Amino acid sequence: MVFSLLAKVHHEILLFAAVGLAIGGIDDFIIDMVFLCRRLWRNLTVYSRHQRMTTATLPASPRPGRIAIFIPAWQEANVIGPMLRNALAHWGNRDYRIFIGVYPNDHETRDAVAPLAAGEERLILCINEREGPTTKADCLNAAWRAMLKEEERTGILFKAIALHDAEDVVHRDEIHLFDVIIDRFQLVQLPVLPLPGHGGWWSRAITNHYGDEFAESHGKALTVREATGASMPSAGVACAFERRMLERLVKPAFGGPFDPGSLTEDYEVGLRIGNLGGRGVFVRMRDSDGQLVATREYFPDNLKDAVKQKARWIVGISLAGWDRMGWQGGPAEWWMRMRDRAAALSAFILFTAYLALLLWGVLLVGSLFSAFPVPRHTPTVEALLWIDFGFMIWRMAMRAIFSGMAYGWVFGLGAIPRTFIANIVAMTAARRAMFLYLRSLIGRPLTWDKTRHRFPDLESPA
């Protein structure tokens, strides 16, 4: 009786998981095909006749301007100093100002920035009126207000606003790239490449699964998004906004262009710019040394921080983002927003797939000690399982290829077993995200869910 009931439960869960995985597999496969066809077409029609542009051959902007860089900082005393020194060394005498947003009750971070900002006109310390932590968006708005005061003081309007985090390793050519590309687009996003992890195998696996995901997302998915004409979401770092467009997003209730009630203000700003008719672009360009112009940083190397970070993304994009941003645009925009918001559902489908596997193991063991046979799958379920298996092999191969192209083939092959780690993080983060979102619905505001940051020990600017 018990095994019969378990067999029925197993069949229903397995059917749900198999259908969900098949739908997700088809969706990802279409993205892959669009990317491969686009790349083939551009190789045949563009790069067969023209050499790829690099930052060394990129002409200067006919309308050069000053770039503002916003860096929100809450409890970043251990990384903000090295990050700023590295950025100043990289960017040299280019026309920019760095606005570092700090809080009055975060004395350590403020004390780490103040000596660097003293006598350095390129660094401007912005102290929030409110004690922290609030949200990252609220901190960015404090930097926006400081930028307006700087414009009033100098009489020089900034051309663009770029965003970075306190742990970012910036590229020397990004200011030049932003200055040129922002002439034609209202949002420019550069790739983000997580730095490979160190330490034990578990911490390396946690850190490196970010590398796998960003290598595929910033090597393929954002390229497809741009090609379909959908709005370009900002990653919150290595991105720049045209100043006049960002000013159109300012609301008095916000205190700036960023919504302080959002946990993913960067993502939302990209969509809001698209709603206003602005154009976003994802730029993958190499420098004179053949290196990709990208921002590099360490991502969490432990399960707790990884779950906290991804839960914040899921809440802001997949759950609250559904309510906040709606469904504007055409079919391509709807498709991409649906992909963005599927994270929580995808994690639940993964959970049911693992649960179905566990129940199958229980039934198998039970059959060894009883007369109850392991039930056979129906032809429909069996066909779906083979389809899912094919998509899984394809998905792992694609991730390994993109990860290998970004980090080398040894790292790329490691992406295959790291898929299991990524699934654990995704499922655990989705559970946390649901609790955070439900608590926000009953009046508990969402705040900056802090994760620990590291900055690499650079002997010289790299």
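The values are calculated or read from the model by the stated rules, or taken from the named source; none is laboratory data. All of these numbers come straight from a predicted model, not from anything done at the bench. Using ideal geometry, Cβ is built from the backbone for each residue, glycine included, and neighbour counts are taken over all protein chains shown. The protein model used for the area step is the full one, side chains on, heavy atoms only, and it has no ligands, DNA or RNA in it. Shrake-Rupley method; radii C 1.70, N 1.55, O 1.52, S 1.80 Å.
Remarks
- Criterion violated by residue 58 - all others in (1) within 27 Å of residue 184 (Cα to Cα); (2) surrounded by fewer than 19 Cβ atoms within 10 Å (Cβ to Cβ); (3) under 26 Å from the mean Cα position of the chain (by Cα) satisfied: (3)
- Selection within the range 130-153 - within 22 Å of residue 240 (Cα to Cα), open to solvent by less than 50 Å² (accessible area, probe 1.4 Å) and either over 24 Å from the mean Cα position of the chain (by Cα) or small (Gly, Ala, Ser) (or both): 137, 142, 143, 146, 147, 150, 151
- Pair list, Cβ under 6 Å, 6 or more apart: the range 126-144 residue of a type in the set (Val, Ile, Thr), other residue surrounded by fewer than 24 Cβ atoms within 10 Å (Cβ to Cβ): 127/104; 135/260; 135/448
- When each of 161, 175 is tested for being within 22 Å of the chain's Cα centre (by Cα), assigned to a strand (DSSP E or B) and of a type in the set (A, V, I, L, M, F, W, C), the lone residue that passes is 161.
- Residues within the range 276-292 that are over 16 Å from residue 58 (Cα atoms) and part of a loop (DSSP other than H, G, I, E, B), tallied: 4
- For residue 316, the conditions (1) surrounded by fewer than 17 Cβ atoms within 10 Å (Cβ to Cβ); (2) at negative phi; (3) not aliphatic (A, V, I, L, M) all hold with the exception of (1).
- Failed item in (1) over 26 Å from residue 135 (Cα atoms); (2) out of contact with any Gly (no Cβ under 6 Å at 6 or more places or on another chain), with residue 190 passing the rest: (1)
- Applying the criterion of being assigned to a loop (DSSP other than H, G, I, E, B) and of a type outside the set (Gly, Ala, Ser) to the residues of the range 63-72, the residue that is surrounded by the most Cβ atoms within 10 Å (Cβ to Cβ) is 64.
- Here is the figure for the range 73-129: residues that are assigned to a strand (DSSP E or B) and either hydroxyl-bearing (Ser, Thr, Tyr) or open to solvent by 60 Å² or more (accessible area, probe 1.4 Å) (or both) total 2.
- Members of the range 213-238 that are touching a Leu at 6+ places or on another chain (Cβ under 9 Å) and open to solvent by 30 Å² or more (accessible area, probe 1.4 Å): 214, 235
- Residues in the range 319-340 that are more than 19 Å from residue 229 (Cβ to Cβ) and of a type outside the set (Phe, Trp, Tyr) were compared, and the one that is surrounded by the fewest Cβ atoms within 10 Å (Cβ to Cβ) is 323.
- The range 413-448, subset of a type in the set (Phe, Trp, Tyr) and open to solvent by less than 80 Å² (accessible area, probe 1.4 Å), residue modelled with the lowest pLDDT: 448
- The residues on offer are 6, 21, 40, 44, and the sole one that is modelled with pLDDT under 95, surrounded by 17 or more Cβ atoms within 10 Å (Cβ to Cβ) and of a type outside the set (Ser, Thr, Tyr) is 6.
- Which numbered condition residue 235 misses (of (1) in a helix (DSSP H, G or I); (2) under 24 Å from residue 35 (Cα atoms)): (1)
- Cross-chain or 6+ apart pairs with Cβ under 9 Å, the range 392-420 first and within 16 Å of residue 210 (Cβ to Cβ), then not in a helix (DSSP H, G or I): 406/191; 406/193; 406/292; 407/193; 407/196; 411/196
- Scan of the range 25-37 for residues that are under 12 Å from residue 394 (Cβ atoms), out of contact with any Phe, Trp or Tyr (no Cβ under 6 Å at 6 or more places or on another chain) and either acidic (Asp, Glu) or surrounded by 15 or more Cβ atoms within 10 Å (Cβ to Cβ) (or both), ordered by number: 28, 29, 31, 32
- Any pair with Cβ under 7 angstrom, 6 or more apart, that starts in the range 198-223 at a residue that is on the phi < 0 side of the Ramachandran plot and among the basic types (Lys, Arg) and ends at one that is open to solvent by less than 40 Å² (accessible area, probe 1.4 Å) and assigned to a helix (DSSP H, G or I): 220/35; 220/402
- Qualifying positions in the range 144-178 - closer than 16 Å to residue 84 by Cα and among the β-branched types (Val, Ile, Thr): 169, 170, 175
- Residues that are in contact (Cβ under 8 Å) with a residue 12 or more places away in the chain and assigned to a loop (DSSP other than H, G, I, E, B), drawn from the range 13-62: 52, 53, 55, 56, 58, 59, 60, 61, 62
- Residue ID - nearest to the chain's Cα centre (by Cα), chosen from residues in the range 239-266 that are crowded, with 19+ Cβ neighbours inside 10 Å, at pLDDT 90 or above and assigned to a helix (DSSP H, G or I): 246
This table checks each residue for (1) under 17 Å from residue 451 (Cβ atoms); (2) modelled with pLDDT of 95 or more.
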{"residue": "288", "(1), (2)": "no, no"}
{"residue": "294", "(1), (2)": "no, yes"}
{"residue": "300", "(1), (2)": "yes, no"}
{"residue": "305", "(1), (2)": "yes, no"}
{"residue": "309", "(1), (2)": "yes, no"}
{"residue": "319", "(1), (2)": "no, no"}
{"residue": "332", "(1), (2)": "no, no"}
{"residue": "336", "(1), (2)": "no, no"}
